[in-house]
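Structure record follows, encoded as structure tokens.
The values are calculated or read from the model by the stated rules, or taken from the named source; none is laboratory data. These numbers were taken from a predicted model, which means no experiment stands behind them. Using ideal geometry, Cβ is built from the backbone for each residue, glycine included, and neighbour counts are taken over all protein chains shown. Each accessible area value is taken on the protein alone, full model and side chains, heavy atoms only, with ligands, DNA and RNA left out. Shrake-Rupley method; radii C 1.70, N 1.55, O 1.52, S 1.80 Å.
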Amino acid sequence: MGEVDPAFIQDPDHRPKLFIIEAEGIPLIDLSPINSPDSITDPKAIEGVVREIGSACKGWGFFQVINHGVQLDKLRNIETAARKFFALPLEEKRKIRRDEKSVLGYYDCERTKNVRDWKEVFDLTVEEPTLVPASPDPEDKEETEWRNRWPEYPPECREACEEYAQEIEKLALKLMGLVALSLGLPENRFSRYFKDQTTSITLNYYPPCPSPQLLALGVGPHKDGGALTVLAQDEVGGLEVKRKTDGEWIRVKPTPNAYVINVGDSLQVWSNDIYHSVEHRAMVNSEKKRFSIAYSLKPSHYTLIKPLEELISEENPAKYRPYNWGKFMTHRKLTNFKKLNVENIQVHHFRLSK
């Protein structure tokens with residue numbers, strides 16, 4: 001990626017400022033109480049963690065976790081494999097380039113809200129094959145399978161990715177249990193939605209950006225459509241979160257061996273707006289390469305996303321009409337490959353008027 005192509009340039013309202021606000025306020029939650037042997041016999045051991053998670057989901061839509069129980073060697077292995085893969089010549093990476101028919105694999109032309117992202121990605125699905133709708137058309141009942149495409153080099157890439165996925169799945173589902181408890185629901189309330197999950201992992205590589213004004217963004221402002229995202233970012237950092245209280249963009253300072261967690265649109269709807277998915281973006285660095293790994297926990301394609309019955313009442317009616325997750329997701333996928341003249345589908349399109 002050389003000089004900045006106009007396709008990468010952000011709308012003036014979305015261009016990054018030349019100064020950075022680093023967030024001390026994004027909660028850092030210690031999960032050691034739920035990973036200790038005592039937590040099995042002492043339910044009170046997790047009450048504090050549940051309160052912290054509820055407060056973070058309500059106030060920020062983001063938090064970081066430490067002492068999370070994920071084996072760090074699994075993270076190091078996938079990081080090493082990612083760096084080796086993205087260092088390959090472009091023609092080698094494009095051997096597994098994704099397109100509208102094969103939506104998994106390598107890509108270097110991704111768009112967020114119709115603007116090119118300054119990054120390269122390698123996408124894979126966690127449950128293989130993943131069953132999804134063949135098209136976003138509500139009348140089309142046909143299904144298709146998504147299967148991973150693996151590079152020849154590095155040869156350890158597949159094993160590193162699959163082992164990492166198993167580790168992070170345990171953390172993600174554990175967090176969903178804690179989120180359920182924080183909403184006053186049974187710990188397993190969300191489990192049914194992930195029986196045939198459409199969960200994905202994205203390896204992100206952000207090359208140094210030559211633009212001195214940093215008009216290009218690694219990923220433009222967006223919200224995640226799924227339930228929960230578990231992000232590992234390197235020491236370079238670059239993730240920014242739009243603070244709910246004042247709309248200011250806040251840099252999430254990398255914390256060694258921590259994961260960044262954010263609420264997705266599906267969880268926002270399930271909670272009937274008790275918790276919010278918030279806008280975030282990825283900044284590029286003018287001098288340093290940046291890497292991150294995003295695990296996006298997503299429900300089965302046949303899941304109907306709607307406010308949970310336990311969280312609605314006459315005084316607090318449902319704020320969203322139901323929508324099919326698979327159709328929503330496949331519509332989103334299509335916009336990765338083509339620029340549209342209309343806004344990409346968003347969860348607010350399903351909001352009921354007051």
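Here are the numbers for the structure shown:
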item	result
Residue within region 173-185 that is in contact (Cβ under 8 Å) with a residue 40 or more places away in the chain, assigned to a loop (DSSP other than H, G, I, E, B) and in contact with a His (Cβ under 8 Å, 6 or more places away or on another chain) present	no
Subset of region 223-246 [more than 9 Å from the chain's Cα centre (by Cα), assigned to a strand (DSSP E or B) and within 14 Å of Val260 (Cβ to Cβ)]	Ala232, Gln233, Leu239, Glu240, Val241
Yes/no for Gly220 being touching a His at 6+ places or on another chain (Cβ under 9 Å) and either modelled with pLDDT under 90 or in a loop (DSSP other than H, G, I, E, B) (or both)	yes
Residue in region 91-100 that is more than 25 Å from Tyr259 (Cβ to Cβ), touching a residue at least 40 places away in the same chain (Cβ under 8 Å), among the aliphatic types (A, V, I, L, M) and touching a strand residue (DSSP E or B) at 6+ places or on another chain (Cβ under 6 Å) present	yes
Sole exception among (1) small (Gly, Ala, Ser); (2) at pLDDT 95 or above; (3) under 28 Å from Cys157 (Cβ atoms) for Ser271, by number	(3)
Contacts under 9 angstrom Cβ, first residue in region 316-335 being farther than 22 Å from Leu297 by Cβ, partner among the aromatic types (Phe, Trp, Tyr) and open to solvent by 10 Å² or more (accessible area, probe 1.4 Å), 6 or more apart	Arg321/Phe350
Matching residues, region 299-322, being in contact with a Leu (Cβ under 9 Å, 6 or more places away or on another chain) and open to solvent by 10 Å² or more (accessible area, probe 1.4 Å)	His301, Tyr302, Glu310, Leu311, Pro317, Ala318, Lys319, Arg321, Pro322
Filter result for Glu139 (surrounded by fewer than 22 Cβ atoms within 10 Å (Cβ to Cβ), of a type in the set (D, E, K, R), out of contact with any Lys or Arg (no Cβ under 9 Å at 6 or more places or on another chain) and assigned to a helix (DSSP H, G or I))	no
Residue among Pro151, Pro155 that alone is modelled with pLDDT of 95 or more, surrounded by fewer than 13 Cβ atoms within 10 Å (Cβ to Cβ) and not in a strand (DSSP E or B)	Pro155
Hits in region 223-259 (condition: closer than 11 Å to Phe62 by Cα, at pLDDT 90 or above and open to solvent by 30 Å² or more (accessible area, probe 1.4 Å))	Lys242, Arg243
Test: residue in region 100-111 that is modelled with pLDDT of 95 or more, open to solvent by 10 Å² or more (accessible area, probe 1.4 Å) and within 17 Å of the chain's Cα centre (by Cα)	no
Residue count, region 166-203 (criterion: farther than 23 Å from Gln268 by Cβ and open to solvent by less than 10 Å² (accessible area, probe 1.4 Å))	1
Scope region 34-54; condition over 20 Å from the mean Cα position of the chain (by Cα) and modelled with pLDDT of 90 or more; matching residues	Glu47, Gly48, Val49, Val50, Arg51, Glu52
Residue selected from region 58-87 under the condition farther than 30 Å from Gly184 by Cα and in contact with a strand residue (DSSP E or B) (Cβ under 8 Å, 6 or more places away or on another chain), by the criterion surrounded by the fewest Cβ atoms within 10 Å (Cβ to Cβ)	Arg83
